[in-house]
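Read-outs throughout are calculated quantities, based only on the coordinates presented, and are distinct from any laboratory measurement. In this text the structure is predicted, and so the values were computed from the model without any measurement. Note that we place each Cβ from the backbone using ideal geometry, even for glycine, and neighbour counts take in every protein chain shown.
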Amino acid sequence: MPGPRGGRNFLTEEEKANAPEVTWPLLKRVFSYLKPYIPQLILALLSIGLSAVLDMYPSLLTGRIVDEGLIGRSMPILIKLVVISFFLKIASNLIGVLQNYMNSWIAQHITYDMRNQMFAHLLKMSNRFFTENNQGDIITRMNDDISGVQQIISNTFASILSNLITLIAALIAMYQRNYILATLALIIVPLFSLPTRMAGKKRWSLTREAQECRDEINGILNETLSVSGQLLVKLFTAEDREYERYRQANENMIKLNIKESMAGRWFRMMMSTFTSFGPMLIYLAGGIIMMNYDSSLSVGDITVMVSLLSRMYGPVNSLLSIGVEWIRSMANFTRIFEYFDMEPEIQEVKKPLKPFDSNGTVNFVNVDFGYNPDRQILKNISFSLPKGKCVALVGPSGSGKSTIVNLIPRLYDVWNGVVSFDGIDVRKLDLKWLRSQIGLVSQETYLFSGTIKDNLLYARPDASMEEMIEACKKANIHDFIAAQPEGYDTMVGNRGLKLSGGEKQRISIARVLLKDPSLMIFDEATSALDTISEDLIQQAIEPLIAERTSILIAHRLSTVLHADEILVIKDGEIVEKGKHSELVKAGGVYTELYEKQFKRLEVEEGKS
Ligand code: ATP
């Protein structure tokens with residue numbers, strides 16, 4: 001009898017090693033998810049119990065069918081008992097349907113609650129959580145672990161209960177008839193279940209080996225038949241070696257396949273042999289008792305015993321794997337709770353401030369910061385950005401420019417010093433309010449799958465078409481959108497129109513404009529855009545810089561020229577600050593940068 005989950009009713013070494021410690025608080029927490037559904041749970045338990053008992057009844061009636069109906073040769077009794085058995089079976093099956101409905105209703109509702117809770121929790125997690133955790137792991141936890149929980153509730157809990165009831169009812173009925181036969185049955189069932197379990201284990205390990213072998217073969221094929229792989233084989237004349245490697249793996253594969261198929265046959269053979277062995281033994285022992293010792297034991301009693309015995313294999317097998325199911329389910333819960341227990345790193349103060357109006361001013365005072373405690377990135381950064389002004393950050397790649405702007409919307413918190421917005425420490429501000437005041441156009445613009453309009457509306461769902469068009473005109477992208485056959489309804493993203501880096505960035509500028517933030521942060525793309533794209537972006541951002549408080553991370557000279565102040569960042573420190581004209585003459589890092597990078601671009605721009 002296969003276990004409820006994937007036919008594997010034993011633990012792998014890995015599962016054994018990672019088995020969670022089951023503690024009272026853990027159990028309490030697991031059961032807290034059942035709490036809102038207690039009435040439904042009671043109904044489910046009642047239907048499980050009732051259906052299990054009713055299901056047993058026809059087996060008990062077989063005794064009377066044999067003794068009173070057949071041996072007693074009474075047609076009315078025979079018909080009556082057969083009809084009763086029939087209706088009992090129908091009733092038990094109907095209740096089984098209700099039981100199934102209740103189980104899956106409860107399980108689905110609990111997973112619904114858990115998924116919502118998990119998603120809401122994940123949305124609160126800080127940027128660091130997503131940069132440090134693998135996206136695949138997060139999604140696995142969201143999908144597989146929670147589905148595991150659903151299975152436990154709908155299958156395991158229900159089957160434990162129903163199996164226990166069936167087993168206890170069967171044993172009581174057996175002991176009422178004859179305690180020797182009942183004890184014999186009690187010994188036979190688990191004894192015969194064990195070899196079947198062992199065969200199942202062997203079969204599973206073969207399946208796993210075969211899977212590994214299949215992976216190896218796929219690996220060889222991928223390596224040797226890919227364009228670059230086959231070239232490597234040819235150039236190193238490795239054909240014979242590769243052929244031998246493949247042949248060997250192929251041979252292992254067929255051996256394993258034959259073993260696996262035979263193990264399957266053995267498995268089924270054992271199942272059927274052992275399950276038919278039991279009844280034979282009961283017939284034999286029953287016969288001996290009836291003929292030699294106890295004439296009150298009837299043929300019907302022995303038939304009932306046999307019928308009950310065969311009903312016990314399934315429940316015993318399931319109950320033998322409960323330990324496994326239990327550990328697996330607790331592991332699922334523990335993994336889910338691990339996520340729930342992670343506090344979002346960025347927390348609001350008790351009474352966060354939410355100023356009525358915002359002017360977008362920014363102040364950094366002696367800010368130290370690093371992503372990890374062992375590596376400081378920013379050192380003693382101080383600067384002010386007054387209302388309506390523009391500060392440009394320039395410096396070598398990796399010097400910490402993006403890191404500085406990450407601190408303003410509190411994607412991370414400073415180690416030391418203060419970052420303030422509108423004159424207030426960002427840690428004291430309402431987080432949603434703070435972020436709603438900042439428009440960040442990052443290097444990697446992200447547009448999700450959907451229409452251009454959907455992407456724009458993400459900034460402000462109630463924006464009108466006119467507002468959207470106005471924002472797109474300002475961002476220099478309206479003409480491009482209007483030229484598409486479906487205009488603003490053009491699909492973008494994975495399955496839609498493939499946009500260039502420049503087009504994406506301009507759409508994202510329009511999106512930020514719709515948000516109408518009081519502070520605009522523009523992280524210029526480092527990747528080389530063609531001159532036309534650059535010009536279009538340039539034209540888009542110049543007026544924006546002029547009209548609102550803004551920070552520019554600049555890689556190009558033309559952008560820097562418009563800034564009110566330039567901060568030169570090197571190794572996480574502000575090494576120079578001033579206007580372009582002053583800095584060029586200063587003969588420091590900026591002059592060097594200018595010589596190396598900007599001047600070249602200036603020449604190119606001059607030429608084009
Ligand atoms: P670029 O001009 O190439 O965009 P930048 O000046 O903006 O560079 P930052 O992105 O601020 O540089 O990076 C500064 C340093 O911080 C780099 O050494 C980088 O490796 C490190 N860093 C950036 N992001 C993270 C992160 N999420 N976790 C750990 N370290 C990071």
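Points to keep in mind about this one:
- Computed from backbone phi with θ = phi - 60° and the Karplus coefficients 6.51, -1.76 and 1.60, the 3J(HN,Hα) list for the stretch 358-366 is 10, 10, x, 6, 10, 9, 10, 10, 6 Hz; x is used for glycine and proline.
- Classification of the stretch 80-180 by its C-alpha gyration tensor yields a prolate form. The axis ratio a/c (a ≥ b ≥ c) is 1.5 or more, and a/b outweighs b/c.
- Fewest-first sequence of ARG556, ARG435 by Cβ atoms within 10 Å of each Cβ: ARG435, ARG556
- Reachable lysines, given that their alpha-carbon falls under 20 Å from the alpha-carbon of LYS259 and they are not under 8 places away in the same chain: LYS201, LYS202
- In terms of its C-alpha gyration tensor, the stretch 211-349 has an oblate overall shape, because the principal axis ratio a/c (a ≥ b ≥ c, square roots of the eigenvalues) is not below 1.5 and a/b does not outweigh b/c.
- For the stretch 444-516, the gyration tensor built on C-alpha atoms gives a rounded shape. Its axis ratio a/c (a ≥ b ≥ c) stays under 1.5.
- Cross-link check: pairs LYS432/LYS498; LYS389/LYS596; LYS124/LYS351 evaluated at a Cα-Cα cut-off of 21 Å; pairs beyond the cut-off: LYS432/LYS498; LYS389/LYS596.
- Along each principal axis, Cα extent of the chain, largest first, Å: 119, 71, 53
- Straight-distance crosslink candidates among lysines, where the alpha carbon sits under 18 Å from LYS80 and sequence neighbours closer than 8 are dropped: LYS89
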